[in-house]
Amino acid sequence: MKRANDDKMADDMLALELLAGPPNGRNSKHFSQREKQLRAALARRIRDQMGGYTGELLALAIDPFTASAWPGMKPTTKLKFMRQGRPSSLLIERRVIAFIREQIGKSKSQKASLDSYLKAAEDAFILSRTRVHEIW
């Protein structure tokens, strides 16, 4: 089944959050509710781009909690995402930009200032004001 581009783009942002690691440098609890949401998004993107048996097994390894559309297909392994060091700067920058754009889109009618969006990004990503301004 074909999915809308907006759905794919939303899943890309969620998958990026999983793969970039937590911005505050701590590993999150494995298989938390948030991690399950992020895993499901990444698994959907795998299924969109990689068909066949291998793609389905990879998607199930990433997201063993969502049932397969293939009859009788079950996960054979589970992947564990652990932070191995500093997250990619590029990935964090993309997440910050997406976050600010989302904030702007949500409150166009409220006439909030750009400073309020940047402050929200500082708080959400635990970054300095200077760093958020550099990214934006």
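The values are calculated or read from the model by the stated rules, or taken from the named source; none is laboratory data. All of these numbers come straight from a predicted model, not from anything done at the bench. With ideal geometry, Cβ positions are generated from the backbone for all residues, glycine too; neighbour counts draw on all protein chains shown. Side chains are part of the model used for accessible areas, which takes the heavy atoms of the whole protein and leaves out ligands, DNA and RNA. Shrake-Rupley method; radii C 1.70, N 1.55, O 1.52, S 1.80 Å.
Heads up, I need the accessible area for R131: 1.4 angstrom probe, whole protein in place, Å², nearest 10.
R131 exposes around 70 Å² with every protein chain in place.
Show me, for segment 43-51, the HN-Hα J-couplings you get by feeding each phi into the Karplus relation (A = 6.51, B = -1.76, C = 1.60, θ = phi - 60°), rounded to Hz, glycine and proline as x.
These are the phi-based 3J(HN,Hα) values: 5, 4, 5, 4, 5, 5, 9, 9, x Hz.
In nm, what is the difference between 0.36 nm times the number of residues separating T130 and L90 and their Cα-Cα distance?
Numbers: separation 40, 0.36 × 40 = 14.40 nm, distance 1.65 nm.
Value of the extension gain: 12.8 nm.
Based on the Cβ-Cβ distance of S107 and D48, what FRET efficiency does E = 1/(1 + (r/R0)^6) give at R0 = 25 Å, to the nearest 0.05? Mind showing how you got there, number by number?
Details: r = 31 Å, r/R0 = 1.23.
So, using R0 = 25 Å, E works out to roughly 0.25.
Show which lysines lie in cross-link reach of K106 when reach means a straight Cα distance below 28 angstrom and same-chain residues fewer than eight apart are skipped.
K2, K8, K36, K119
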